[in-house]
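Here the structure comes first, spelled out in structure tokens, and everything after it is commentary.
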Amino acid sequence: MSAVPIPAPTIEPQAQHLIATIGNQFAVQGQFVSGEEINSGHINSTYSASYRLADGTLRRYILQSINRNVFKDPYAVMRNVESVTRHINDKVLRVKKDLGGQTLNLYPARSGGAWVEDGDGGVWRCYNFIEGCVTYDVVKNTRQAYQAARAFGSFQDLVSDLDATAICETIPDFHHTRKRFQRLLEVAATDPCGRLASVRAEFDFVCQREDLTGRLLDGIAAGAIPLRVTHNDTKINNVMIDAATDEAVCVIDLDTVMPGLALYDFGDLVRSATSPAAEDELDLTKVQMQMPMFEALVTGYLDSASAFINAAEIEHLAFAGKLMTLEVGMRFLTDHLEGDVYFKAHRPNHNLDRCRTQLTLVARIESREDEMNGFVHQIRQGR
Ligand code: ADP
Ligand code: GN1
Ligand code: MG
């Protein structure tokens, strides 16, 4: 492992101590040097921890505490992650004989098993740090978009033969958009924090689009759109991108791998990778659906997924982008109304700000949906 610079200890001494204590309970190599918090996810508590090896070089690991408010059964999450990482490593290394890339691996606890408990209710795991890579909250160019979509398509291919009955539904009805809408209505009816009056415009925007929420569910019921084992959280910062080449190296954040739709995965990429604005951008004029990014996503996704997805799925690629953006928009709105109990919020009205970018992106997608569908149609005819 090549030497990496010692990261500044950006967390409090007490947290450094916690990270050192947790890290040392895993089968990691070397002496603990320091821990750094990584803030790009909205759910878990994630740290990189550096260790000095006997030869003086540094090795980094990821230590992550599972959010128990979100994942009611963290042990089921861990069993899923163990199954998924084992399956992928087995296929990538033995079947595809691809030894060049980095894959996600759990480091076992010294006492056995794949996790460590901190005595405070926390369930921790340890992953290898995917080196030489970064995650982007906003894509910088079409190559990144192409690469990310191709990587998630390959991921779907890799997990396609996982035994679905051995995978737990870690969050029931995670992408059941109609139930997500119902939940918004319930929370709005009780309005526990008295915030509804100030978000009427956003609430009405969502209500006007109620009919969209059942469309893919109807496709499943009609047998046109198949349930598969999918990632279910394909936002752009859940894939590690090579910092030098922009190649997508490794899909991460495996907590929601469970039965789902290929379209949920593709749709969340459209949501998170077509706009040049941050998810919590305040200037909504910056929110755009950039056609070149959409085209790169479709091309990359079809390059890895066209062998297994069907015509009904392809037909709904653009729609899925709109639906996933609406779904996340309504989830942020619900959380704002509930008092920010689900997504990590770092400032007042953070979830409302996030909701507004999502609903703006829905409107932008609507105004370009024909163009988006036209591109899908054109690329399909050319293949
Ligand atoms: P969350 O569920 O909170 O989104 P993630 O598993 O996505 O948590 O991790 C949060 C961030 O931590 C990622 O966006 C990425 O930047 C970083 N990260 C996670 N796993 C790794 C890894 N194995 N190697 C390097 N960075 C990682
Ligand atoms: C969360 O965990 P993270 O930050 O990658 C959320 C996704 C949302 C996303 C919105 C388990 O993703 O469903 O789409 O935030 N993950 C979970 O940014 O709820
Ligand atoms: Mg994440």
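Evaluate the following for Ser45: is it within 16 Å of ligand 2 (Cβ to nearest atom), surrounded by 15 or more Cβ atoms within 10 Å (Cβ to Cβ), modelled with pLDDT of 95 or more and among the small types (Gly, Ala, Ser)? So Ser45 fits the description; yes. Residues that are away from ligand 2 (no atom under 13 Å from the Cβ) and closer than 28 Å to Leu158 by Cα do occur in segment 364-373. Where helices (runs of 4 or more DSSP H) fall wholly inside segment 279-383, the ranges with 1 or more residues that are within 16 Å of ligand 3 (Cβ to nearest atom) and closer than 25 Å to Val239 by Cβ are 317-338, 350-381. Do we have Ser34 as touching a Pro at 6+ places or on another chain (Cβ under 6 Å), open to solvent by less than 20 Å² (accessible area, probe 1.4 Å) and under 30 Å from Ala345 (Cβ atoms) here? Yes, satisfied. Against the criterion of being under 19 Å from the mean Cα position of the chain (by Cα) and at pLDDT below 95, Gln64 does not qualify. Cβ-Cβ contacts under 6 Å between residues 6 or more apart (or on different chains), taken from a first residue in segment 213-224 that is under 15 Å from Gly267 (Cβ atoms) to a second residue that is polar (S, T, N, Q), are listed as Thr213/Thr177. Can you work out which of the residues in segment 301-335 that are open to solvent by less than 20 Å² (accessible area, probe 1.4 Å) and charged (D, E, K, R) is farthest from Asp211 (Cα to Cα)? Only one residue fits best here, namely Asp335. The requirement of being more than 27 Å from Phe332 (Cα to Cα), touching a Gly at 6+ places or on another chain (Cβ under 8 Å), buried (at least 19 other Cβ atoms within 10 Å of the Cβ) and in contact (Cβ under 8 Å) with a residue 24 or more places away in the chain is fulfilled somewhere in segment 125-145, by at least one residue. All of Thr170, Thr165, Thr177 fail the test of being more than 30 Å from Ile241 (Cα to Cα) and of a type in the set (S, T, N, Q), apart from Thr165. Within segment 66-81, the set of residues being of a type outside the set (Val, Ile, Thr) and in a loop (DSSP other than H, G, I, E, B) comprises Asn67, Arg68, Asn69, Phe71, Lys72, Asp73.
The values are calculated or read from the model by the stated rules, or taken from the named source; none is laboratory data. For clarity, every value in this text was computed on a predicted model and none was experimentally measured. Positions of Cβ are generated from backbone atoms using ideal geometry, with glycine treated the same way; all protein chains shown enter the neighbour counts. Please note that ligands, DNA and RNA were not included when accessible areas were found on the heavy atoms of the full protein model with its side chains. Shrake-Rupley method; radii C 1.70, N 1.55, O 1.52, S 1.80 Å.
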